[in-house]
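Structure record follows, encoded as structure tokens.
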Amino acid sequence: MQFLIDKISRLNIGWNERALDEGDFDALCKRFGITLQEMPLTTAGFYYRLLGRDFIAIDSRLKGPQRLAVLFHEFAHFLFHTSETGPAAGFHGVGRRTRKEIEADVFSLCAVLPRSVLETRSPDDLITHDGHYAGLHQAWEDSLA
């Protein structure tokens with residue numbers, strides 16, 4: 001677990017300190033040379049590495065909190081689960097729930113729901129709140145399906 005915490009700390013972007021947004025995601029992609037591809041998909045998204053380049057593909061129909069959760073989920077696969085050499089691929093919501101998928105979900109949720117929010121809101125508040133966090137419960141449920 002310390003290995004994961006060390007990698008996250010080196011991001012120096014405010015993960016789990018504040019709610020990250022698409023601007024933060026874009027900055028991380030630029031910093032690490034990840035190309036975002038948006039297109040209609042039958043899955044929410046996937047990460048892959050091909051010929052030494054990293055890509056995150058996301059279903060172009062995703063909006064709002066669900067989109068944000070999937071973006072950071074796929075970034076987590078890049079950050080934690082990719083070997084330094086050779087091709088790699090990981091698909092959100094395809095196949096059985098593995099440790100890697102759970103790690104990516106946790107990273108994503110902590111990116112968009114910082115500790116301060118979790119400490120000050122009830123689960124019901126997080127599910128029904130009309131502001132920035134509306135829909136995150138559904139995104140979480142969808143990621144577990």
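The values are calculated or read from the model by the stated rules, or taken from the named source; none is laboratory data. Since the structure is predicted, the reported quantities are computational estimates derived from the model, not experimental observations. Reconstructed Cβ throughout: ideal geometry from the backbone, glycine too, with neighbour counts over all protein chains shown.
Before moving on, here are some points about what is shown:
- Members of segment 105-136 that are crowded, with 16+ Cβ neighbours inside 10 Å, modelled with pLDDT of 70 or more and small (Gly, Ala, Ser): Ser108, Ala111
- Taken as a whole, the condition of being of a type in the set (Asp, Glu), at pLDDT below 95, under 22 Å from Leu4 (Cα atoms) and not in a helix (DSSP H, G or I) does not apply to Glu101.
- Contacts under 9 angstrom Cβ, first residue in segment 31-42 being small (Gly, Ala, Ser), partner in a loop (DSSP other than H, G, I, E, B) and at pLDDT below 95, 6 or more apart: none
- When Ile58 is tested against (1) closer than 24 Å to Met39 by Cβ; (2) at pLDDT 85 or above; (3) part of a helix (DSSP H, G or I), only condition (3) is not met.
- Residue count, segment 22-45 (criterion: part of a strand (DSSP E or B) and at pLDDT below 95): 1
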